Amino acid sequence: MRIAIAGGLGLGYLLATGLSRAENAYNVVVLSRTPRREFAAFGIQVHVVDYHNKDTLRFALNGIDLVISTISGQEQLNLINAAGHGRWSEGSTRMKWTVFSCGVFMERFHPYGLTASLGIGAGEGVGTVGSYVADINTGYADYTAKDGKNSSVKICLTSVVDVVRFVIAAVDLGPSHWPAEFTMRGDKKSLRDVVHALEAAQNITFESHILSYQDLLTHIAYNTEMGQYARVAYLQRNLQTANGRYDFSRTNLNDAVDRSSRVSVRPMSFAQWLATSLNFCDISGFEMLGRFYIERIRMYSVGITE
């Protein structure tokens, strides 16, 4: 199977290298805006593309069996349109597609932040430390604990490492029968329990600013009127969380993996991820952390589990 990964940084890099090292040794092509020499060591071909040029996109997709997109916005829409006209879809009356939903990346709570640790989330405003729910470095939390029905707000969490492992497992199982959405998770916690886990990991008590659901709506309206758009963006993320965007009861990809004898994924819990990530931060810093992630993906992609 020939697989194209759209996006060569962050999650795209981890997916491309993980798939190329998988037991099935997939033929991986990376679609990137710029040349990327680091993929040569993995035997991965890089196609430099302009996501706003449909002809170059269609050419890059010739002979591709599966496209995995890690980009967003108009560029992703252009990619989808190009894929719908590519040779690989000839003979099909309808293009098949699947969304992978993982809840919240555990790495949002990393001491280096999601962007500095893995190169993810910069364009969406969620890449810095403290951009979502809590700042593990300062010991400050800012969230809404109860939803509009006065129930505890919960989120599903998955490590980026495990997201890559789940996607590789899904590819191993075969994309011909993928559903419209694959859901996965490593853990599920209330926001209060997320903050408590961060407190336990750092052995401190956080200063918590907890808004009621109604106060959250009021703060969004007020900050919008005052032009405090960075604050509005933060509060909107809290509102989406309180409305259940990252909470789902069924994890059909976890279930599919568990039923299969051909693949195995044992995702980390949030506590396990915290212990592992903080340990690597203390010992080796950013460079070693990145090496740790790549090595975990390499090991898990060939079926070695802890």
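Restricting attention to region 97-130, the residues that are surrounded by fewer than 20 Cβ atoms within 10 Å (Cβ to Cβ) and of a type in the set (Gly, Ala, Ser) add up to 7.
Checked against the criterion of being touching a Lys or Arg at 6+ places or on another chain (Cβ under 6 Å) and among the basic types (Lys, Arg), the candidates ARG36, ARG2, ARG21 yield just one match: ARG21.
A single entry from ALA141, ALA122 fulfils the requirement of being free of Cβ contacts under 8 Å to residues at least 12 places away in the same chain and hydrophobic (A, V, I, L, M, F, W, C): ALA122.
Number of residues in region 144-153 that are surrounded by fewer than 22 Cβ atoms within 10 Å (Cβ to Cβ) and either under 22 Å from the mean Cα position of the chain (by Cα) or part of a loop (DSSP other than H, G, I, E, B) (or both): the value is 6. Here region 38-73 is the region considered, the condition is being farther than 17 Å from GLY8 by Cβ and free of Cβ contacts under 8 Å to residues at least 12 places away in the same chain, and the residue that is surrounded by the fewest Cβ atoms within 10 Å (Cβ to Cβ) is ASP55. Checking each residue of region 180-193 against the condition of being surrounded by fewer than 16 Cβ atoms within 10 Å (Cβ to Cβ) and closer than 18 Å to GLY113 by Cα gives no match.
Does region 194-224 hold any residues that are touching a Phe, Trp or Tyr at 6+ places or on another chain (Cβ under 8 Å), over 29 Å from THR98 (Cβ atoms), surrounded by 17 or more Cβ atoms within 10 Å (Cβ to Cβ) and of a type in the set (Val, Ile, Thr), and which are they? Residue satisfying the conditions is VAL195 alone. The condition of being touching a strand residue (DSSP E or B) at 6+ places or on another chain (Cβ under 6 Å) and over 30 Å from SER269 (Cβ atoms) holds for ILE44. Set side by side, the residues VAL171, VAL161, VAL167 differ, and just one is at pLDDT below 95 and assigned to a helix (DSSP H, G or I), which is VAL161.
The values are calculated or read from the model by the stated rules, or taken from the named source; none is laboratory data. In this text, all values refer to a predicted model and were calculated from it rather than measured experimentally. Neighbour counts run over all protein chains shown; Cβ positions are idealised from the backbone, glycine included.
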